[in-house]
Amino acid sequence: MAKDFDPRRLDVRRFAEEGGQLDASDALGTYPRLVKETVETERRAREVRWHARGEILNPRHVQPEVWVHVEADASVPLVCQRCLQAVDVPLSVDRSFRFVADEATAAAEDDEAEEDLLALSRSFDLVELVEDELLMELPLSPRHDVCPEAVKMSAEDPGFEAAGAEKVHPFAVLGRLKTGK
Ligand SMILES: [Zn+2]
């Protein structure tokens, strides 16, 4: 049934009317804008998994509502802002979109609607939407919870005191950071 839906050229209304579903495991390379944010040496064998489901919601409405629900997961290698090595960051998307007649309607209703509005299309690029959503999940400042090497951690790092048997004065750490430069 859902076999004939092309995620790159999706007839959104038909997808919703037929309760269509799409699943995919794409190589990270399928998402060029996302790839640009990642560490080159760590990109191989990375996948983006996503699932989309169409649905019509219309109970008391003259015009039935066209919805598409999207879930996506990926683990991407980013640059840790503390140690500058690669850090795996899990990205997870779970959003629902309501499709309206056109861009103008979407813009007009956007203020009042709590959900995300998009314009109906007969050849909607669902893969592009998945990429948009994953990009929005990227952290501004990715970091390891604990950096792999003995990088000097800040004194307020929760694991710091537990890790060292003796208490280290914060200024001692600062001193070490300076001399280490
Ligand atoms: Zn790190």
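What follows draws every value from the coordinates through simple rules; no lab data is involved. Remember, predicted model here, so these are calculated numbers, not experimental data. All Cβ positions, glycine included, derive from the backbone under ideal geometry; neighbour counts span all protein chains shown.
When a/c is below 1.5 the answer is rounded, else prolate if a/b is larger than b/c, else oblate, so apply that to the stretch 2-146 with a ≥ b ≥ c taken from the square roots of the Cα gyration tensor eigenvalues. Here the stretch 2-146 falls in the prolate category. Each peptide in 134-144, 80-90 gets a packing score, the mean of other Cβ atoms within 10 Å over its residues, and the list from highest to lowest is 80-90, 134-144. Shape analysis of the stretch 70-149 places it in the prolate category; the axes a ≥ b ≥ c from the Cα gyration tensor give an a/c of at least 1.5, with a/b above b/c. Shape verdict for the stretch 89-128, please, from the Cα gyration tensor: rounded (a/c under 1.5), prolate (a/b greater than b/c) or oblate. Here the stretch 89-128 falls in the oblate category. The stretch 17-72 gives an Rg/Rh value of 1.22, both radii derived from C-alpha positions and Rh following Kirkwood.
The simple spin-label model puts a point 7 Å past each Cα toward its Cβ; for residue 39 and residue 146 those points are separated by 1.8 nm. Ranking of 71, 40 by neighbouring Cβ atoms within 10 Å, starting from the fewest: 40, 71. Annotation for the stretch 1-85: chymotrypsin sites (Phe, Trp or Tyr not before Pro) lying in DSSP loop with at most 13 further Cβ atoms inside 10 Å of their Cβ do not exist.
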